[in-house]
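Working notes for the structure below.
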Amino acid sequence: MPAMQRKDPNPGSRPLPRHIVWDWNGTLQNDVQAAVNGINRLLAQRGLPTVDIDRHRRVFSFPVRDYYTALGFKLEQEDWTRLSRDFIDAFLADESRGLFHGTRPALETLHASGVAMSVLSASEQSTLEASLDGHGLRRFFVEVKGLDNHGAASKVHLAEDLFTRIGGPFDDVWLVGDTTHDKEVADAAGCNCLLLAGGYQSQERLLACGCPVLESVADVPGFFGIVPSAPLVAEISVEAPTSPRQT
């Protein structure tokens, strides 16, 4: 593929990233319906009210245990490892999972423009790798970091290792995700954050983070001036990222 030409209406206003760190579920992979279907199966088995996508986006949070509690699960009476496994089994068997429209072209465009990319996900590592391989996307990413379990807890500790490998400073590194937790991870790492609507949390919750929000992954290259972009859901001035937390 030939190198892409930047088409920024304000040249120099937003430099091309040195590295983009992508979330996976709800950002590159369109799997929100599969997640809702999976959680509804568990809710129905326990006689609890099921949810639709709108409620899921209003309630979903990290760590995912908090989400389960908000939906009525009595986690003190559950085997969390078994519960997580039951959800993952239903989720992975759901045929509604697929890439968001524009995922592959966006990755191809950014890759051709010389942007290094990695994936940082709360998915279990082998499950994450299998998903990327299944979609033929693994070749785009320098690093792929997932959890060592299906508990979907915080990604902050994973980011520490990944960003050490990327190497600072991080003012030209962007984390792209679909939840407020992605903003928390970006702040902890000291990099910029870009959020995408249409994933696991509502647009209103994303806008409250104070960082740019786009409609979809298809708009990401244009955000950096590589191709014409669709309008932002919210165009918010991007402040210099905070310094990484000291541990």
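Which residue pairs have Cβ atoms closer than 9 Å, lie 6 or more positions apart in sequence or on different chains, and pair a first residue in region 113-129 that is without any contact (Cβ under 8 Å) to a residue 60 or more places away in the chain with a second residue that is in a helix (DSSP H, G or I)?
E124/I88; T127/I88; T127/L92; E129/R138
Residue-wise test of (1) touching a Leu at 6+ places or on another chain (Cβ under 6 Å); (2) aromatic (F, W, Y); (3) modelled with pLDDT of 95 or more; (4) more than 21 Å from L132 (Cβ to Cβ).
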| position | (1), (2), (3), (4) |
| --- | --- |
| G26 | no, no, yes, no |
| A34 | no, no, yes, no |
| A44 | no, no, yes, yes |
| R58 | no, no, yes, yes |
| S61 | no, no, no, yes |
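Tell me, which helices (runs of 4 or more DSSP H) wholly within region 50-110 include 2 or more residues that are in contact with a Ser or Thr (Cβ under 6 Å, 6 or more places away or on another chain)?
53-59
Test of understanding: among D66, D79, D54, which residue is farther than 19 Å from R205 by Cα and of a type in the set (D, E)?
On the way: D66 fails: farther than 19 Å from R205 by Cα; D54 fails: farther than 19 Å from R205 by Cα.
Result: D79 is the single residue among D66, D79, D54 that is farther than 19 Å from R205 by Cα and of a type in the set (D, E).
Need the failing condition index for F141 against (1) surrounded by 17 or more Cβ atoms within 10 Å (Cβ to Cβ); (2) more than 18 Å from R18 (Cα to Cα), just the number.
Answer for F141: the failing condition is (2).
Within region 112-124, track down each residue that is crowded, with 17+ Cβ neighbours inside 10 Å and either more than 15 Å from the chain's Cα centre (by Cα) or of a type in the set (S, T, N, Q) (or both). Steps first, answer last, please.
Filtering region 112-124 for residues crowded, with 17+ Cβ neighbours inside 10 Å gives 113, 115-124.
Those that are crowded, with 17+ Cβ neighbours inside 10 Å and either more than 15 Å from the chain's Cα centre (by Cα) or of a type in the set (S, T, N, Q) (or both): S113, V115, A116, S118, S121, S123.
The values are calculated or read from the model by the stated rules, or taken from the named source; none is laboratory data. Nothing here was measured: the structure is a model prediction, and the numbers come from that model. Ideal geometry is used to build each Cβ from the backbone, glycine not excepted, and the neighbour counts take in all protein chains shown.
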